[in-house]
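Structure first, then comments.
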Amino acid sequence: MEWIYTPHMTKRLVDIDDDKLAEAREILGEASIKGTINAALDEVIALNQRRRLLERLADRRGVDLGDDEIMREAWK
């Protein structure tokens, strides 16, 4: 028997709102339910990464923007 699913993919049975799925499919430009769900999950993960980066920038963690010498070198 040949397996269709990889070790990182599990078949799941879920109820999905059809209107939300259609809207997400249109926004993401996906043709399939699987593609839409995976693209939506990718977007949520990317949103979280952007949010974490913005928090770091707001707190100036790991940012050298306040160091005049580094900023002078950056603009050369």
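What follows is calculated from the coordinates using simple rules that are stated; it is not laboratory data. Computed from a prediction, not measured in an experiment: that's the story for all the values here. Here Cβ is always computed from backbone atoms with ideal geometry, including for glycine, and neighbour counts include all displayed protein chains.
Can you tell me the length gained on complete extension of the stretch Lys34 to Arg52, counting 0.36 nm per residue apart and subtracting the Cα distance?
The Lys34-Arg52 span can extend by a further 3.8 nm.
Taking just the C-alpha trace of segment 18-74, give me its Rg and Dmax in Å.
In order Rg, Dmax, the Cα atoms of segment 18-74 give 18.5, 55 Å.
Based on the mean of other Cβ atoms within 10 Å per residue, sort peptides 42-48, 22-28 so the most packed one is first.
Packing order, densest peptide first, comes out as 22-28, 42-48.
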